[in-house]
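A short worksheet on the structure shown next.
Read the figures in this text as sums done on the coordinates, not as results from a lab. All of these numbers come straight from a predicted model, not from anything done at the bench.
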Amino acid sequence: CPEHHAGPDEGHAAARPMPAVFPTALDAEAYCGWRGGRLPTDVEWEAAARGPDGGPMGWPGGMVGREANYCGRECAYGVRTDADDGFASAAPVEAFAARSPFGAADMAGNMWEYVADCFRVESRRASHGVRDPIVPIEPGCRRFLRGGSFQSFTGIIERRTVQGTPDTDVPGRGARCVFDFGTRHQALSVQ
């Protein structure tokens, strides 16, 4: 995978671990598999971000502007009245103190995160009683991305890509690996 190099606005944080950049969902899957994990399902990702009560992601008191890395005043497309989160591009891992109710960091902003689910019209019509309908992965399917990135506006960081996205090489995409109980997690220097 390509190595991330800190830009001039991040020079002070270059020694801190940066998020892994995955151009495609297949890259993200391979990485998580190599670590002994997998990509989360869309429902697992949502639950980890919002917690058992389904509240806002990581900032129950409301968003002020320093809770996540998103397109604020520092972004080329941002508005002057927006907050400045301090990073014009990707921020180091855990640069923001906001955590989900389960303790997950960086669930909003910074890097779009791939999930295992593929978009299909039928996936919106899950059978009664199905709690986490997993849509089978097919070659070339449109994957969901969650959490927004450093290029996203605040209204987008709590949403997913509605009809998935093609598996193309676009900057600002990463992954969050999950590890099922009973699997071994190997600590690595790459985050």
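Annotations for the structure displayed:
- Taking amide H as placed 1.01 Å from N in the peptide plane, Asp82 has its amide H under 5 Å from the amide H of Arg73, each at least 5 places away in sequence or on another chain.
- Extension gain (nm, one decimal) between Phe102 and Leu26, 0.36 nm per residue minus Cα-Cα: 24.7 nm
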